[in-house]
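Report on one structure; see the data block that follows.
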Ligand code: SF4
């Protein structure tokens, strides 16, 4: 093992010992540390002190709530206060920074929404009732236990409506008023500005160094060792490693082989055993396994392990709902959006075609885990007749010009099957784009032989029909020279490669997704979508609050040149399709529940086109997410503005 690896392992061990006793103490170490135990320490907080902070955050509101004789009285007083607060923003002698004023207006709108009776009716909870009873010191009358996460939400909201968000408190310019570079002229102004930008750039660089990519020389060396160990285990040769058939023949599907090839925690070992005993789909390609650090405590591979090694709660949920899996886990409502077998349609111009129902490995948080029964299932190919009927359906629906072929993973189909399918689709002259949705560049890059690339190239006819490849890299650690070669083989055909990232707890640390965008662009992949994770119960532990995806976009992605941040953060609304999260006019925060969960009203993409009702989404609490980050060694002060994203 290299020195860097040993040092990382030692630091991780020290951090693990520290984590068991975690309190509100902030841990700043970069190394992930709870890989082996996967335990989640909780913040130790003094509830009454937090309540005190709440009232101090906005004494005017605290006084109103205390004085109100009834819930409706509290509501009236608060609406009156908000009206006054909003008018104060427009006073000529109000010397708040103009950006802080914007924040006040924004938070007043949120507060009005949260205390609105219609939102209480819809969500069946009342944040105002909780606040009023807490202020009145009538805790015994609370209908719901009120969490610290809830209190934290209102500490920030109260501060914000009072013009004290302090988002910019660390910026000298705010204290001084107008920044120097705007007061100065010419070269002097430019010098000041460039100093400011240099500071931002060097901060960005510091974060990017935190996350190694699979293109780093040292990491390439570690992966060679892994490759040799895996080849030895299976009795293979270096040439075999480059042959995708060899990888498909040696997909790891049993816990014993897995634990012989990498170190597993007791919890991981047990979860994999349970998954296999209960026939929960599981499988890892030897190549993807080689991306994992042999020693689990190194921790750089955390996102990679999380992709394929199921956590115990996931296995429990999958087992509990084994018999009604197809309905329980169909979050996107595909059953109700499939006009004919193999086809799903949520947009006027796009249809999804699913001819192949398996993959070279199984991702834990797959959207189609309700449908995929087994890794490399032998009967995965849809019957010819069914495919013919799906094509006939396309023939009748000539508005559908963009067909996303997915599955399963269609690139795992044999070359002849890929060619036959493309040829059938090419008979439809209204189909101007065929997208192939595949994870093979990430998990099986050797699949991209010149033969497969040539097949795609034959159907890519600029001006007539486009072929595009949509893939799914999650982390810079997945971006390797092998993945680069696969992507380049596709691009040499003139075909674009696009990435759909799922924003999870595994890739959401400060600038982690920025690093992913940068390395993806460097190998020829354009970031396309960043998905908020689906609200699927079985994968809840991976979920990140919407506020974080918005914060990442504004405070991190925005620092990149436009060509690097071509992705759009989206929420895929069941049965309807993508809601663009950056568009404030397309969603509304309607409630903060006592458990700290925000409830959003997500508007359909069809808003202003057709009257489809919105979708109410219960998010994961920001507080819980910050706890998780602290458990992973993050300095949560780094995320302190997250509360102000709605
Ligand atoms: S490759 Fe795609 S379809 Fe297959 S398991 Fe992973 S996410 Fe699901």
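Quick notes
- When every residue of segment 519-527 is checked against the conditions, at least one turns out to be closer than 24 Å to residue 365 by Cα, in contact with a strand residue (DSSP E or B) (Cβ under 7 Å, 6 or more places away or on another chain) and surrounded by fewer than 22 Cβ atoms within 10 Å (Cβ to Cβ).
- Scoring residue 86 on the criteria (1) closer than 30 Å to residue 168 by Cβ; (2) touching a strand residue (DSSP E or B) at 6+ places or on another chain (Cβ under 9 Å); (3) free of Cβ contacts under 8 Å to residues at least 40 places away in the same chain leaves a single failure, condition (2).
- Residue in segment 409-420 that is within 16 Å of the ligand (Cβ to nearest atom) and assigned to a strand (DSSP E or B) present: no
- Within segment 344-371, the set of residues being more than 16 Å from the ligand (Cβ to nearest atom) and either in a loop (DSSP other than H, G, I, E, B) or in contact with a helix residue (DSSP H, G or I) (Cβ under 6 Å, 6 or more places away or on another chain) (or both) comprises 345, 346, 347, 348, 349.
- Every residue from segment 129-156 that is under 25 Å from residue 42 (Cβ atoms) and not in a helix (DSSP H, G or I): 142, 143, 144, 145, 146, 147
- The listed residues are 202, 213, and the only one of them that is under 33 Å from the mean Cα position of the chain (by Cα), surrounded by fewer than 11 Cβ atoms within 10 Å (Cβ to Cβ) and under 30 Å from residue 484 (Cα atoms) turns out to be 202.
- Number of the exception - residue 196 against (1) more than 30 Å from residue 56 (Cα to Cα); (2) crowded, with 16+ Cβ neighbours inside 10 Å: (2)
- All positions within segment 534-546 that are closer than 23 Å to residue 110 by Cβ and surrounded by fewer than 22 Cβ atoms within 10 Å (Cβ to Cβ): 535
- Summed over segment 390-399, residues that are out of contact with any strand residue (DSSP E or B) (no Cβ under 6 Å at 6 or more places or on another chain) and either within 15 Å of the ligand (Cβ to nearest atom) or touching a residue at least 40 places away in the same chain (Cβ under 8 Å) (or both) total 3.
- Residue pairs whose Cβ atoms lie under 7 Å apart, sitting 6 or more positions apart in sequence or on different chains, and linking a residue in segment 349-368 that is under 14 Å from residue 339 (Cα atoms) to a partner that is more than 8 Å from the ligand (Cβ to nearest atom) and not in a strand (DSSP E or B), are 350/400; 351/345; 351/394; 351/400; 353/342; 353/390; 354/342.
- Those residues of segment 103-114 which are more than 11 Å from residue 163 (Cβ to Cβ) and free of Cβ contacts under 8 Å to residues at least 60 places away in the same chain, in sequence order: 109, 111, 112
- Residue in segment 599-613 that is within 19 Å of residue 156 (Cβ to Cβ) and touching a helix residue (DSSP H, G or I) at 6+ places or on another chain (Cβ under 7 Å) present: yes
- Which numbered condition residue 435 misses (of (1) touching a helix residue (DSSP H, G or I) at 6+ places or on another chain (Cβ under 9 Å); (2) surrounded by 15 or more Cβ atoms within 10 Å (Cβ to Cβ)): (1)
- Listed by first and then second residue, the pairs linking a residue in segment 326-348 that is at positive phi and surrounded by 14 or more Cβ atoms within 10 Å (Cβ to Cβ) to a residue that is modelled with pLDDT of 65 or more and in a helix (DSSP H, G or I), with Cβ atoms under 7 Å apart and 6 or more places separating them unless they lie on different chains, are 342/386; 342/387; 342/390.
- Scanning segment 216-256 for residues that are more than 16 Å from residue 294 (Cβ to Cβ) and within 27 Å of the chain's Cα centre (by Cα), we see that the one that is surrounded by the most Cβ atoms within 10 Å (Cβ to Cβ) is 251.
- Filtered by the rule that a residue be closer than 16 Å to residue 618 by Cα, out of contact with any helix residue (DSSP H, G or I) (no Cβ under 8 Å at 6 or more places or on another chain) and in a loop (DSSP other than H, G, I, E, B), segment 544-575 gives a lone residue, 574.
- One residue from 122, 159 being part of a helix (DSSP H, G or I) and in contact with a helix residue (DSSP H, G or I) (Cβ under 7 Å, 6 or more places away or on another chain): 159
- The set of residues in segment 387-406 that are surrounded by fewer than 15 Cβ atoms within 10 Å (Cβ to Cβ) and part of a helix (DSSP H, G or I) comprises 388, 392, 395, 396.
- Being at pLDDT below 90 and either within 22 Å of residue 478 (Cβ to Cβ) or out of contact with any strand residue (DSSP E or B) (no Cβ under 7 Å at 6 or more places or on another chain) (or both) holds for only one residue in 279, 256, and it is 279.
- Number of positions in segment 584-604 that are surrounded by 18 or more Cβ atoms within 10 Å (Cβ to Cβ) and assigned to a loop (DSSP other than H, G, I, E, B): 6
- When every residue of segment 576-583 is checked against the conditions, at least one turns out to be in a loop (DSSP other than H, G, I, E, B) and in contact (Cβ under 8 Å) with a residue 60 or more places away in the chain.
- Residues satisfying the criterion are absent from segment 375-382 (criterion: in contact with a helix residue (DSSP H, G or I) (Cβ under 7 Å, 6 or more places away or on another chain), away from the ligand (no atom under 16 Å from the Cβ), outside any helix (DSSP H, G or I) and farther than 18 Å from residue 285 by Cβ).
- Helices (runs of 4 or more DSSP H) lying entirely in segment 166-217 (those with 1 or more residues that are at pLDDT 85 or above and on the phi > 0 side of the Ramachandran plot): 186-208
- For segment 560-574, the set of residues classified as closer than 27 Å to residue 110 by Cα and more than 14 Å from the chain's Cα centre (by Cα) consists of 573, 574, listed by residue number.
The values are calculated or read from the model by the stated rules, or taken from the named source; none is laboratory data. Predicted model only: the values in this text are computed from it and were never measured. Glycine gets a Cβ as well: all are built from the backbone with ideal geometry, and neighbour counts include every protein chain shown.
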